[in-house]
Amino acid sequence: MGGFLSGHGETICSLLYSCIRYLAVIGGLYFSLDYLGFPTSTIVASLGIVSLALSLGAKDLLSDILAGIAIVFEGSFHVGDIVEINGVQGQVKEIGVRSAQISLPYGNVMVINNHSIGTIKNLSREPSRFSLELAVPANLSLTELEAMLEKELPEIGKGCSDILYGPYYRGLMELRRSTFGGQGLMVLGIAAICEQKDIKRVQRYVNREIHLLFERK
């Protein structure tokens, strides 16, 4: 069902799947013992005492379950969202009863217990901005550079369908002393708006096209 629903629906299906899986194992074990003739009523009564003894050690489990339910109904993030949790950025792969799985770059997966999820930054709610700061020699003509960028940047934007808006010229960001001595540097700002999932691809494209533009000019 999750494959036919949005991110929110897929998240709920993922959580329900985890609950049903746990209940199915417990129920299957109970009825199997009953079928084999074990005194299940006595076992259940004994489990009540055991569960009381284990309750002190089950606080984290209960916290994970309650936190997982809160995540789903508050809608802090859904399956497929790109998030930053506790300083780690990745894409939400699964939200279960006890934990959430976050896909990291290079195919790694991080598992976070639900109750351990602290600060959440959802990067998929709104489009993201890729910013480029370009340092050029201060002896170049700023007005000519600005005129060139105003003319060429829209053409660069047409070459990448992942760019929602831009790239556009942000202005003269900084005047900087050159580390090599001699001329100072002007730092020009360039930015583009795109979805967070596309930001690396947009970054590579814009960097390349800006470099080729300066080579041509």
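The convex hull around the C-alpha trace of the stretch 105-163, projected and averaged over every direction, spans 7.9 square nanometres.
Take 20-27, 87-94 and order them by the average number of nearby Cβ atoms within 10 Å per residue, most first; the result is 87-94, 20-27.
Under 26 Å of direct C-alpha separation, and excluding same-chain neighbours fewer than eight residues apart, Lys121 reaches these lysines: Lys93, Lys197, Lys200.
The accessible area of Leu16, taken with all protein chains in place and a 1.4 Å probe, comes to roughly 100 Å². Ignoring lysines fewer than eight residues from Lys217 along the same chain, the ones with Cα atoms less than 16 angstrom from its Cα are Lys151. Once all protein chains are placed together, Ser128 keeps about 20 Å² accessible to a 1.4 angstrom probe. With the biggest extent put first, the Cα atoms of the stretch 125-217 measure 44, 24, 18 Å across the principal axes.
The values are calculated or read from the model by the stated rules, or taken from the named source; none is laboratory data. Predicted model only: the values in this text are computed from it and were never measured. Note: ideal-geometry Cβ built from the backbone for every residue, glycine included; neighbour counts use all protein chains shown. SASA here: full protein model, heavy atoms, side chains in, ligands and nucleic acids out. Shrake-Rupley method; radii C 1.70, N 1.55, O 1.52, S 1.80 Å.
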